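Student: Take a look at this one; I'll ask things after.
Values quoted throughout were computed directly from the atomic coordinates according to the rules given, and no laboratory measurement underlies them. The model shown is predicted, which means the values in this text are computed figures rather than measured ones. All Cβ positions, even for glycine, are placed from backbone atoms using ideal geometry, and neighbour counts span all protein chains on display.
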Amino acid sequence: MNIIPVTCSIQDGSIGHNKIKQLESVITSTYQTHFGSGNKLVFFWLKIPYEQSYLAGKLSTASTVQIPVKNGMPNEMRHPFMAEVCAKWQHVTGCSKNEIILAVSDMSQSKAFTKSMATRFEKSARTKTQIKILTGLIAGKIKKGYLNSSVNL
């Protein structure tokens, strides 16, 4: 079983609990349809406080979704998956095509990006910060039933 980490950054309060669970379900089934049932998606929902995200210099309610795929996957396989995910996200949330940013990178690039994110923190505080992030995600899971945290810890 391949574990696929999916990171969704959304504006706090923009997508309710039921829609988040619905998105997890439709994205998982879409991924498995396109790339095989041996993939288990694990979602991390990062909430951005209202008025703390901008796009093109203006306040934005756009969501950013990062879903890695097998290294070297050809665009002929990647693009239909991306189009379907965007269409389903819009259907579930009611957002426009300009309110979803979808990144479907190679798994190795996704792992390198995640690893590099840890370097944003001072080395002396890195472990403490990572524990704080994990604690926040777990607390969010206990409270809401899915892994979630605020980007402002």
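Student: Starting from the 7 Å offset along Cα-to-Cβ, what nm value, one decimal, do you get for the label separation of SER96 and THR114?
Tutor: So the two model labels end up 3.4 nm from each other.
Student: Moving on. Determine the sum of side-chain charges near THR114: Lys and Arg each +1, Asp and Glu each -1, restricted to other residues whose C-beta is under 15 angstrom from that of THR114.
Tutor: Summing Lys and Arg as +1 and Asp and Glu as -1 gives +3.
Student: Would you compute, from DSSP H runs of 4+ residues alone, the mean residue ellipticity of the chain at 222 nm, taking -39500 (n - 2.57) per run and dividing by the full residue count, rounded to the nearest 500?
Tutor: Helices in the chain give a 222 nm mean residue ellipticity of -15000 deg cm²/dmol.
Student: What is the magnitude of the charge dipole of region 2-116 about its Cα centre, with +1 placed on the Cβ of each Lys and Arg, -1 on the Cβ of each Asp and Glu, and no other charges, expressed in debye to the nearest 20?
Tutor: 160 debye
Student: Within 10 Å of each candidate Cβ there may be at most 11 other Cβ atoms; applying that plus a DSSP loop requirement, which GluC sites (Glu not before Pro) in region 1-108 survive?
Tutor: GLU51
Student: Which log10 I(q)/I(0) values, to two decimals, does the chain give at q = 0.09, 0.11 Å⁻¹ under the Debye formula with one point per Cα?
Tutor: -0.30, -0.45
Student: Still on this structure, please answer the following. For GLU84 and ASN2, compute 0.36 nm times the residue count separating them, minus their Cα-Cα distance, and round to one decimal in nm.
Tutor: 27.4 nm
Student: A further question follows. Amide H of SER105: which non-local residues (sequence gap of 5 or more, or other chain) have their own amide H closer than 5 Å, using H built in the peptide plane?
Tutor: Sorted by chain and number, the residues that satisfy this are ILE67, VAL69.
Student: Among the complete DSSP H segments of the chain, which ones combine at least 20 Å of alpha-carbon extent along their axis with a mean Kyte-Doolittle hydropathy of -0.5 or more? Display every interim value, and only then the final one.
Tutor: Details: long enough: 17-35 (27 Å, -0.71); 75-93 (26 Å, -0.57); 126-144 (27 Å, -0.16).
Sorted by number, the helices that extend far enough and score high enough are 126-144.
Student: Can you work out the Karplus-derived ³J(HN,Hα) for every residue in region 94-103? Use 6.51 cos²θ - 1.76 cosθ + 1.60 with θ = phi - 60°, whole Hz, and x for glycine or proline.
Tutor: x, 7, 8, 5, 8, 10, 9, 10, 10, 10
Student: So if each residue of separation counts as 0.36 nm, and I subtract the Cα-Cα distance between ILE131 and ALA103, what length gain in nm does that give?
Tutor: Going from the current span to full extension adds 7.4 nm.
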